[in-house]
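What follows is one structure encoded as structure tokens, with my remarks underneath.
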Amino acid sequence: MSKPELSSEAKQLVKEEFDSLSARLQSSLVEIAVWNWIARIVFLAVLGGSIFGFLRFQDFLDDRIASRAATFDRIYLANSFVQSQQPRRALQEISSFMDAQRLVNTTHRSAFYEFDQLRLSSSQRNFFHLTVLGAVAQINDRDPAGLILGKDFWIALLDSSYFQTDFILGKQWESGEDISARLGLSYYKFARDAQDLHLALKFLDFASSQSNQAVEQYATYKMYCAAMLGDEESAVKFAKEMFKKWPSLHNTRPPFHSTEFATSFTSAQFAEALSTRLNITNFRLNIEKAWERADQINEVERIVGLIEKLREIDPTFSPESFKVYAIEKFRNNFERTYRHPFHVEDTTHSLYFWTSMMAKVAPIVMTTLSALDVPRGTDDPGAIEYAILQVTTADITDITVSKETASVVVKIDAKTRRTKNGQPRQSTHLWTFERPSGGQDTSWKIASIDDIPSFGQAGQPKN
């Protein structure tokens, strides 16, 4: 594994800190040098002197400065782990840094570490807080109890007066997408109450507004937060953002039973477990209602957009009139399409035609078929195996416009039954209609019939 490199942000902060430290230490070193010689003289004159102490005082001072610089190097390393998406290793380096400072919190406050006790410059403290925030926002690893690691570090940040002043009250989170997104994700995954969920929504919504590419990225978390808070309209809004990003979610159910991301804080299972810990009821019901409504609204908006595109070549196109036309064609063609399996209007492909040919050689075959009373391709209603009782719905589900043709797919739900002692049943049919995109021929013709139910085999429809 290659060694992680410092980010450009980290390199810049290192340079700034070095320049600042050099400027501050220059005058201090001059003063120390003066007092160093004064101390040596006093030590020699008053205390009798010590050659060893006289020579080793400068080494002691150098060691202290080097030790302090080496310790903060762990934070630079932790930041590089954050940049390379290794939050667990980043938290390990931060933990080692805190242990070296001997600043484990021994009070009865909620945080394990006391960040306010760190002796850091303003730029160092800012860099330290950014690194911790990045690590806790990314981490997804669990402890033996199944809880996400990093909560102690997150609580320590919230307990830090410097962090609250610089990042929350000072509104540093408004400086861009990255900081607000990290705050939103951390408030969400480590939420302790409804107030934390409100703050998660606030920061994630701001992050979405800063980047068009990030809108859908945070939609999942925002939908979960809104559903937990019982805000149905917001949950629908954020679910719509998800459907726009991932059209394949159409006609699906919320992923409560999916195991692909079940262990991730991005999963519905995590959100449901979080709602349980917060004593929030009806979370799953709220998600399912928002999911269904968003899917319906998104589909309507998609079809409206396609209709506008179709009207570029057919300005008079009316969805309602077209659905009436589709139902009429469906009724007219249904009986022709769902005839008895032995009955096909085209005699060149019918069983009766071939058996007639065989009968010329073997008259016994025709005698047997007559005895079985097999239909012979007449208009006898007995040849019709299924009949329409009611067309329940007809909806346009897709529209395609190309240079050559335009097509409209209509989904028709109908109640049908067998003509002889049949029980009513619901069936769904997808009928595709086509017309040329240009030219004088503007009539719509049936192009195909798909999704035929199992009780019949489709023949060739007549336009």
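The values are calculated or read from the model by the stated rules, or taken from the named source; none is laboratory data. Since the model is a prediction, treat every value here as computed from it, not as a measurement. Glycine also receives a Cβ, built like all others from the backbone with ideal geometry; neighbour counts cover every protein chain displayed. Remember, those area values only see protein heavy atoms, side chains included, never the ligands or the DNA or RNA. Shrake-Rupley method; radii C 1.70, N 1.55, O 1.52, S 1.80 Å.
With each label modelled as a point 7 angstrom along the Cα→C-beta vector, the residue 328-residue 246 pair spans 4.3 nm. Think of a 1.4 Å ball rolled over the protein heavy atoms: the stretch 139-186 then has 43 Å² of accessible area per residue. In the stretch 111-233, the portion of solvent-accessible area held by carbon and sulfur atoms comes to 45 percent [1.4 Å probe, whole percent, DNA, RNA and ligands not counted].
The residue 299 and residue 161 beta-carbon pair, evaluated with R₀ = 45 Å, returns a calculated FRET efficiency of approximately 0.35. Pairs of C-alpha atoms in the stretch 137-241 farther apart than 18 Å represent 50 percent of all such pairs.
Here the peptides 125-137, 197-209 are ranked by packing, the mean other Cβ count within 10 Å, and the order with the highest first is 125-137, 197-209. Between residue 417 and residue 389, the contour length at 0.36 nm per residue exceeds the alpha carbon distance by 9.4 nm. Farthest towards the positive end of the charge dipole of the stretch 147-213, among the residues 168, 147, 207, is the Cα of 147, using unit charges on the Cβ of Lys, Arg, Asp and Glu. Shape summary of the stretch 264-323, radius of gyration then Dmax from alpha carbon positions: 19.5, 57 Å. Using a probe of 1.4 angstrom and keeping all protein chains present, the accessible surface of the stretch 389-443 works out to 55 square angstrom per residue.
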